[in-house]
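Heads up: the structure comes next, in structure tokens.
None of the figures in this text is laboratory data; all of them are computed from the coordinates on show. Everything quoted here is computed from the prediction, not taken from an experiment. Positions of Cβ are generated from backbone atoms using ideal geometry, with glycine treated the same way; all protein chains shown enter the neighbour counts.
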Protein chains: 2
Amino acid sequence: MINREENKNRKFAVILSGCGHQDGAEIHEATLTLWAIHKNGADYQCFAPDVKQQHVLNHITGEEMPEERNVLIEAARIARGNIRPLSAYRAEAFDGLVIPGGLGAAKNLCSFAVDGPDFTVNEDVSQAIHTTHRAGKPIGALCIAPVIPAKVLGRGKLTIGQDQATAAALAAMGAEHIATWQGEVAVDEKNKLVSTPCYMLDSRVDQIGKGIDNLIGAMLRLS
Amino acid sequence: MINREENKNRKFAVILSGCGHQDGAEIHEATLTLWAIHKNGADYQCFAPDVKQQHVLNHITGEEMPEERNVLIEAARIARGNIRPLSAYRAEAFDGLVIPGGLGAAKNLCSFAVDGPDFTVNEDVSQAIHTTHRAGKPIGALCIAPVIPAKVLGRGKLTIGQDQATAAALAAMGAEHIATWQGEVAVDEKNKLVSTPCYMLDSRVDQIGKGIDNLIGAMLRLS
């Protein structure tokens, strides 16, 4: 049973990485994160790094388009304009941090999609994860995004669903992979990390919603 | 009680108008349309007109950006690449048609945002509405999108929430406005038109989801 009244003063920060799963934030995951936060009676503030996208892809053909886009400006499409640069994030002002997936998480928030296991993490993203973790507040990561807290913290029980290569990469960073299926979450109580596989598995949109609702529920419990 | 088994062979066409509420499809409304269709056990196919966007707006500042984008290619971000040009739509292959809102519906699917009540409708959009209506199948319209079936059909009971100017425009086209609040739907049983106000009212994301879930439920009942 959701206690919406109890959650009405809770506010989560959501880090977006653009707008569109091939070169930015996965739109269904990002939208359903905002939906699940509101559904549980809490509130959110969106953030994104003010950096150039790695590239712009045509989402029909998958081919690169000859243009440049800014992660913060494109992410504002999902946030309906209410978004702040990630450099302005302060852990003390929020009850937790959520990072939706999409390849933007692995291209614009860090370089995992390009560099593999030896990747680097955007400084503002790294700082946001460190300060949130040190403040004892929960961090939620969807789809491919769990590689980011795994890299920054060097530990944690996390899920990316069933993909063996990505699970091996998580282990190489010092994290432990928990295999999950659609709608399930992995909850690391000690490190306050919650993750759900979303489109790392072939999923219907309502399964994405269910997994994220479970993730937000677990984050509220840990916050 | 949802009968997901009964709905599993139902398929709705969804017409997107870009990606982002200021110059394209409203992302929350579009995503929650796909979510509600799947939640009710049915399936969807996304479509969009293969035309240039009226313009590209920075969703933080609201200012025009000096670039061009294509409605079909941008809408593919919401559809995860699984989208077809609206010219390929055939009413006989679907159980109904849904048009999410966002200013793209009033800028790229028709010229309402520019021309007011004397606007024109994109030919493929007009054709899709005419053929679906003639086939006796339901049409769902969200947010500002009800102006489109009102214009094309010249009749129908529809809602755009509470906005007096838009309600008057609907009346001028021969439609009847039904005032609604968050989460409510207007159902025109005779003309098989279903509408819900979404972001025509100040709304939380879960209220958007609730209204669209009610709209899809009514459309399934009418199909």
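Just a few scattered comments:
- A:V71 vs. criteria of a type outside the set (S, T, Y), surrounded by 19 or more Cβ atoms within 10 Å (Cβ to Cβ) and in contact with a Pro (Cβ under 7 Å, 6 or more places away or on another chain): yes
- Candidates are the residues of the stretch B:88-125 that are under 13 Å from the mean Cα position of the chain (by Cα) and small (G, A, S); the one that is surrounded by the fewest Cβ atoms within 10 Å (Cβ to Cβ) is B:A106.
- With respect to (1) surrounded by fewer than 24 Cβ atoms within 10 Å (Cβ to Cβ); (2) within 13 Å of the chain's Cα centre (by Cα), the lone exception for B:A42 is condition (2).
- Failed condition for A:Q22, given (1) free of Cβ contacts under 8 Å to residues at least 24 places away in the same chain; (2) facing another protein chain (nearest Cβ under 9 Å); (3) in contact with a strand residue (DSSP E or B) (Cβ under 8 Å, 6 or more places away or on another chain): (1)
- A Cβ distance below 8 Å, combined with a sequence gap of six or more or placement on separate chains, defines the contacts here; from the stretch B:197-210, residues that are within 11 Å of chain A (Cβ to nearest Cβ) and under 16 Å from A:A42 (Cβ atoms) reach residues that are in a helix (DSSP H, G or I) and among the basic types (K, R) in the pairs B:V205/A:K39; B:D206/A:K39; B:G209/A:K39.
- Residue in the stretch B:88-99 that is in a helix (DSSP H, G or I), touching a residue at least 12 places away in the same chain (Cβ under 8 Å), away from chain A (no Cβ under 14 Å) and in contact with a helix residue (DSSP H, G or I) (Cβ under 7 Å, 6 or more places away or on another chain) present: yes
- Filtered by the rule that a residue be surrounded by 19 or more Cβ atoms within 10 Å (Cβ to Cβ), within 11 Å of another protein chain (Cβ to nearest Cβ) and touching a Leu at 6+ places or on another chain (Cβ under 6 Å), the stretch A:47-68 gives a lone residue, A:A48.
Residue-by-condition table, conditions (1) within 14 Å of another protein chain (Cβ to nearest Cβ); (2) under 22 Å from B:V121 (Cα atoms); (3) part of a helix (DSSP H, G or I); (4) small (G, A, S):
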| position | (1), (2), (3), (4) |
| --- | --- |
| B:K151 | no, yes, yes, no |
| B:R155 | no, yes, no, no |
| B:Q162 | no, no, no, no |
| B:A171 | no, yes, yes, yes |
| B:G183 | yes, no, no, yes |
| B:V187 | no, no, no, no |
| B:V194 | no, yes, no, no |
| B:R221 | no, no, yes, no |
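- Residue within the stretch B:137-144 that is crowded, with 16+ Cβ neighbours inside 10 Å, among the basic types (K, R) and closer than 26 Å to B:Q207 by Cβ present: no
- When the criteria are applied in full, A:A13 meets the requirement of being in contact with a Leu (Cβ under 9 Å, 6 or more places away or on another chain) and part of a strand (DSSP E or B).
- Inspection of the stretch A:77-84 finds a residue satisfying the criterion of being at the interface with chain B (Cβ under 9 Å from one of its Cβ atoms), out of contact with any Leu (no Cβ under 6 Å at 6 or more places or on another chain), β-branched (V, I, T) and in a strand (DSSP E or B).
- Residue in the stretch A:136-146 that is touching a Pro at 6+ places or on another chain (Cβ under 9 Å) and assigned to a helix (DSSP H, G or I) present: no
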